[in-house]
Amino acid sequence: MNLSIKYKIFILFYLMIVIISLTLGYYSYQTSSKQIVNKVSSTNLGVIKEVDSNITALQKNIADWVTVFSLASVVQEGLIRHVSESRELESTLYSGPTASIMNQMLVTRNFDFLALYGRGQQPVFQEASDDSSGPGSFANIQKSAVYDRTLALNGASYWFPLNDDNNVFLQNNRNEKIGMSRIIRSVSDGSMIGFIFVGINLDTIRNKHLKHLYDQDHGILIMDVNGNPLLKAGKDFYRSGEEAAAFADIRRSTSPGSMILNEQGEELLITYSGMNENGWQTMYAVPLSLLTKELSSIKVFVLVLIVVCLLLSIPFMMILTSLLTSPIRVLLRSMKRFQNGHFDERVDIKYKDEIGELSRGYNSMVVNIESLVNDVYVLQLKEKEAELKALQSQINPHFLYNMLDTIFWEAEAAGQSRISEMIVNLSRLFRLSLNRGKSFTSVKKEKELIELYLVLQKMRFKDLLNYRIDIPEEMESYVMLKLILQPFIENALIHGIERKRGGGNVTVTGNLSGDFLRFVIEDDGPGMEESAIRNLLEPPNESDIHTAQETGGYGIQNVHARLKHFYKNGFSLNYDSEPGKGTRVVMIIPAISENKEEQSV
């Protein structure tokens, strides 16, 4: 708050520019990010649809093939006759009407393992394309949850992830698989005559149906109806256990959409589909940082551009604030000159704004104050000077000197040498007091004046008064206001020596201290109370009418007023007095040499 208006305006505008720039930059970045996310989400929905379409086609092809295969007369008859040798059924399948079905399986390679069970413990037919072997016994299969769910579907296909917990179908499984199981019923009476298991390698699905749709930065996840992962491809973003709770909202969604999730400190844009007819749901994930990578470079560029613009705007702002505050600085400098006594100070008005109105008001105020000073202060000063000149004119110097000279010779003729001495000293005292009407005199003449005054007072008080004047010769070449020491000496005589029985001593000393003259007037009289000192220094109310005879202290008050008028604040006047301990007056005024007297006056 103590800074200048220039810097306040600069800081305010600069902060405003910074805040606006950062706000616009942040808003632009967020808007661009949102638009990019929306566009990528739309693109990813297309990928999701393609994945769903491919997986649905895969499921349909396998389900259709299994249906055709299980309804084939060879399979139906073999299961009804309880064929136990797989070679017998296999030779029949690859010849005759089912040869085309089996050839289609071999050509398309939609699945990698097939096991057909009848009533025996081992499959009546099996086929493996990935070196998987060791089909499980039908007794173990019947004990599994997969078998129960397959029965519950009553002839429909049941799809499930083949893992260590539910793998009762293969003893030597070479690859990760998705399994599909189905019961086979007789076409004649609908009774259950068999069970079929089909296994599809995850790599088969990735290579044939998800090719070019994922990489290390893009991940695909397919979940079954129970929320278990069926297939993962590319970036692994799914976490099981408590971390899977983040996918709960996605699982509850019935329609496609997108969502931003934070997985292990990384923000991912996850696009998901609704559940298909088998209850599967597909998710497609891409790191948000990958989408905004190019935008981040733009963000850095914009930030650098903002910083450069802000740095370049500093000189412009400094010039602008300087121009705005320049009239105020001019007005302030004028006020300081006015405070130093330049009452003719005025400000040039170049503007018609608020500062211009302020300058006009200031000029008007200065004119009014100058008028008041002229009407009151200067008028009073001239009035006092007029009174003094009137008094001086009433006492004709030449007439006074001639008369004193006549009295001196009469006293000499009468042999009154003491009277002659008093008259000569009084004549010289008058000459020094009048000083040809000038306000300033030399320290030498002021010293001579107080010496003459004390000599005359010594003649009056005789042995009751002792005095000493110690003002060095180095001070005599300096000038000072006339008659500013004598009133304090007179006050010491009246209030000190006259009131003390047995008389007293008065000492006047002076010294040169740097650029100042220091005078000390001391007496060993009865001293004064603090209230009496205040009455001596406080000027009387000009409106008061002095009708009483007691007007003591007027000479000292007059000296104080003259010191203020001529020396402004460049002087000091201190009283030090206590009852019974005498009085000490210290006056310090500027040391002005004789060649600078005119400038000082």
If one computes the Cα centroid of segment 7-70 and of segment 209-238, what distance in Å separates the two points? 18
Go through Lys447/Lys564; Lys143/Lys208; Lys60/Lys232; Lys34/Lys177; Lys232/Lys299 and tell me which ones have a Cα-Cα distance over 30 Å in this structure. Lys143/Lys208; Lys34/Lys177; Lys232/Lys299
Express in Å², to the nearest 10, the accessible area of Met259 obtained by rolling a 1.4 Å probe over the protein heavy atoms while all chains stay in place. 50
Below 8 Å between Cα atoms, with a sequence gap of 6+, how large is the relative contact order for the chain in percent? 8
On average, how much accessible surface per residue is there in the chain, in Å², for a 1.4 Å probe, leaving out ligands, DNA and RNA? 57
Spelling it out for Leu231: with amide H atoms placed in the peptide plane at 1.01 Å from N, the residues 5 or more places away or on another chain with amide H under 5 Å from its amide H are Ile222
If r is the Cβ-Cβ distance from Ser296 to Gln264 and R0 is 22 Å, what FRET efficiency results, to the nearest 0.05? 0.60
Cα-only radius of gyration and Dmax that characterise the chain, units Å: 60.2, 187
Label model pair Lys500, Ala57: point-to-point distance (7 angstrom along the Cα→beta-carbon line) in nm is 13.0
Which net charge results when you count Lys and Arg as +1 and Asp and Glu as -1 among the other residues whose beta-carbon is under 13 Å from that of Ser144? -1
Which helices, taking whole DSSP H runs in the chain, have alpha carbons extending 15 angstrom or more along the helix axis plus mean Kyte-Doolittle at least -0.5? 5-71, 293-339, 354-372, 397-413, 417-434, 443-461
Mean Cβ-within-10 Å packing, highest first, puts peptides 419-428, 15-24 in the order 419-428, 15-24
Probe radius 1.4 Å, ligands and nucleic acids ignored: give me the carbon and sulfur share of the accessible area of the chain as a rounded percent. 54
With labels modelled as points extended 7 Å from the Cα through the Cβ direction, what inter-label distance (nm, one decimal) is found for Glu474 paired with Glu50? 10.5
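The values are calculated or read from the model by the stated rules, or taken from the named source; none is laboratory data. Everything quoted here is computed from the prediction, not taken from an experiment. Note that we place each Cβ from the backbone using ideal geometry, even for glycine, and neighbour counts take in every protein chain shown. Heads up: the accessible areas ignore ligands, DNA and RNA and are worked out on the full protein's heavy atoms, side chains in. Shrake-Rupley method; radii C 1.70, N 1.55, O 1.52, S 1.80 Å.
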